[in-house]
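*Asks:* Handing you this structure, nothing more for now.
The values are calculated or read from the model by the stated rules, or taken from the named source; none is laboratory data. Bear in mind the structure is a predicted one, so any value in this text is a computation, not a measurement. Note that each Cβ is placed from the backbone with ideal geometry, even for glycine, and that neighbours are counted across all protein chains shown. Keep in mind that these areas ignore ligands, DNA and RNA; they rest on the heavy atoms of the full protein, side chains included. Shrake-Rupley method; radii C 1.70, N 1.55, O 1.52, S 1.80 Å.
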Amino acid sequence: MRYSFIRSAQLCEICAKEGLSVSEVMLRREMERSERSRDDIMADLRSNLQVMQTSITKGLDPENLQHGVFTGGDAVKLNHFAASSNMGREMAEIVAAAIAVVEVNASMGKIVAAPTAGASGILPAVLLVCGRKRNFDEEMLCRGLLTAGAIGCLIASNASIAGASGGCQAETGSAAAMAAGALTELCGGTPEMVFHAAAMALKNVMGLVCDPVGGLVECPCVKRNAIGAANAVVSCDMALAGITSLIPFDEVVDAMKAVGNQMHPDLRETARGGLAATPTGKALAEKLHQ
């Protein structure tokens, strides 16, 4: 197929040869693979955007706090604190939105896995909150989802997006890479900048374990979405400033896969290691079965 790629280097070559953005190549790839029209695919993307926005709005509603077993109401707390935040109001609002989505997920609400439920807060928070500040229209936001999807596909094909096989670096790390690259393109970055941003976001959490307390996608997952959103924005800004990743994106993904393979099984979503194995983590898990 004309728009087929399995490595970012191939994708960037297509972009350079045809003068296209990452999002446009990804859209044409989906049209080729699915034999669906551009309008049909864009309609699905708009639907996903709506679910993302609804999950943020619901999670930030102080009159309807979203509660899981171990979490709830933290998004509202941080959103109220945003004006006093040391990281600045805009970043605090992005982080609060990320927490909001995963709290909705923890309460069995509807979210978009991006790329997984446990990492579902990062991409919508970065795209939609930044989009609101920068007046990105719906078309641009859909383009952001396409760019994010391209990055996610590359990671899934060459490494993993599942904590059970690669640790949390494969979940919140992948989500941060997807968000960083998407925001970079929407802010005018080149395809090369997109992948520098994605590479830096992945490098920042290389080796992060998956250790859900009680086996639930709540602790430490919710707060890791907060850090993942900040990671994405910082990585985007570095790329836009002209900072590059010394190690190319494809090699970073390969390294992530190798690190995930080397992780002890207790550190890969089994709830037997890391924070899940602490005295408090074990006590909380025991309460679930009483």
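*Asks:* Which order do ILE111, ILE227 take when ranked by solvent-accessible area (1.4 Å probe, heavy atoms of all protein chains), largest first?
*Replies:* The most accessible residue leads, giving ILE227, ILE111.
*Asks:* Still on this structure: Quick one: net charge of ASP137's neighbours, Cβ under 14 Å, K/R +1, D/E -1?
*Replies:* Values: positive: ARG46, ARG132, LYS133, ARG134, ARG143; negative: GLU138, GLU139.
With Lys, Arg at +1 and Asp, Glu at -1, the neighbours total +3.
*Asks:* DSSP loop (so not H, G, I, E, B), at most 11 other Cβ within 10 Å: list which trypsin sites (Lys or Arg not before Pro) in region 1-55 pass both filters. Don't jump to the answer; show the numbers that get you there.
*Replies:* Numbers: sites: ARG2, ARG7, LYS17, ARG28, ARG29, ARG33, ARG36, ARG38, ARG46; in loops: ARG2, ARG7, ARG36.
When the trypsin sites (Lys or Arg not before Pro) of region 1-55 are filtered for loop state and at most 11 Cβ neighbours within 10 Å, ARG2 remain.
*Asks:* Give the Debye-formula value of log10 I(q)/I(0) at each listed q (0.07 Å⁻¹), with one equal scatterer per alpha carbon of the chain, two decimals each.
*Replies:* Treating every Cα as an identical point scatterer, log10 I(q)/I(0) equals -0.24.
*Asks:* Between ASP137 and SER84, what is the FRET efficiency for a Förster distance of 22 Å, r being their Cβ-Cβ separation, to the nearest 0.05? Could the numbers behind the result be given before it?
*Replies:* Values: r = 31 Å, r/R0 = 1.42.
Between ASP137 and SER84 the formula returns 0.10.
*Asks:* Still on this structure, I have one more. Would you look at the GNM of the chain, springs on alpha carbons closer than 10 Å, and say which of SER120, SER245, SER85 moves the most?
*Replies:* Maximum among the listed residues: SER85.
*Asks:* Over region 128-242, what is the mean sequence separation of C-alpha contacts under 8 Å (at least six apart), divided by residue count, expressed as relative contact order in percent?
*Replies:* On the way: 151 pairs, mean separation 31.2, N = 115.
Averaging sequence separation for qualifying contacts and normalising by length gives 27 percent for region 128-242.
*Asks:* Given a 1.4 Å probe and the protein chains all in place, what does the accessible area of ASP74 round to, in Å² to the nearest 10?
*Replies:* Surface open to solvent at ASP74 totals about 40 Å².
*Asks:* So, one more: Tell me the Kirkwood radius of region 142-266: reciprocal of the mean inverse pair distance over distinct alpha-carbon atoms, in Å.
*Replies:* Working: mean 1/r = 0.0712 Å⁻¹.
Taking the inverse mean of 1/r over all distinct Cα pairs, region 142-266 comes out at 14.1 Å.
*Asks:* With the Cα gyration tensor of region 10-118 giving a ≥ b ≥ c as the square roots of its eigenvalues, does the rule (a/c under 1.5 for rounded; else a/b larger than b/c for prolate; else oblate) give rounded, prolate or oblate?
*Replies:* On the way: a/c = 3.14, a/b = 1.91, b/c = 1.64.
Judged from the Cα gyration tensor, region 10-118 comes out prolate (a/c at least 1.5, a/b above b/c).
*Asks:* Another question, if that's okay. Would you kindly state how much longer the chain becomes between ILE247 and GLN10 on full extension, computed as 0.36 nm times their sequence separation minus their alpha carbon distance, in nm to one decimal? The partial results should precede the final answer.
*Replies:* Details: separation 237, 0.36 × 237 = 85.32 nm, distance 1.64 nm.
Net length gain for the segment: 83.7 nm.
*Asks:* Within the chain, which is the longest segment containing none of the GluC sites (Glu not before Pro) that sit in a DSSP loop and have at most 12 other Cβ atoms within 10 Å?
*Replies:* Numbers: sites that count: GLU35, GLU63.
The longest such stretch corresponds to 64-290.
*Asks:* Still on this model: Straight-line reach from LYS257: which aspartates and glutamates have Cα under 15 Å away, leaving out those fewer than 8 places along the same chain?
*Replies:* GLU171
*Asks:* Something else about it: Can you give the calculated 222 nm mean residue ellipticity of the chain, where each DSSP H run of n ≥ 4 adds -39,500 (n - 2.57) and the sum is split over every residue, rounded to the nearest 500 deg cm²/dmol? The partial results should precede the final answer.
*Replies:* Working: 13 runs with 174 residues, N = 290.
It comes out at -19000 deg cm²/dmol, rounded to the nearest 500.
*Asks:* Between GLU286 and ASP266, 0.36 nm times their residue separation minus their Cα-Cα distance comes to what?
*Replies:* On the way: separation 20, 0.36 × 20 = 7.20 nm, distance 1.77 nm.
The GLU286-ASP266 span can extend by a further 5.4 nm.
*Asks:* Sort region 56-205 into rounded, prolate or oblate with this rule: let a ≥ b ≥ c be the square roots of the eigenvalues of the Cα gyration tensor; rounded if a/c is under 1.5, and if a/c is not under 1.5, prolate when a/b is larger than b/c, oblate otherwise. Kindly include the intermediate steps, with their values, before the conclusion.
*Replies:* Values: a/c = 1.85, a/b = 1.27, b/c = 1.45.
Oblate.
*Asks:* Carbon-plus-sulfur fraction of the accessible area of region 1-45, 1.4 Å probe, in percent? Each step should come with its number before you reach the end.
*Replies:* Working: 1130 of 2540 Å².
Carbon and sulfur atoms account for 45 percent of the accessible area of region 1-45.
*Asks:* Keeping all protein chains in place, calculate the accessible area per residue for the chain (probe 1.4 angstrom), answer in Å². Don't skip to the end; give the middle numbers.
*Replies:* Values: 12520 Å² over 290 residues.
Normalised by residue count, the accessible surface of the chain is 43 Å².
*Asks:* Order the following by accessible area, largest value first: HIS80, HIS196. Probe radius 1.4 Å; ligands, DNA and RNA are ignored. Write down the numbers at each step before the final one.
*Replies:* Details: HIS80 135, HIS196 50 Å².
Largest accessible area first, the list is HIS80, HIS196.
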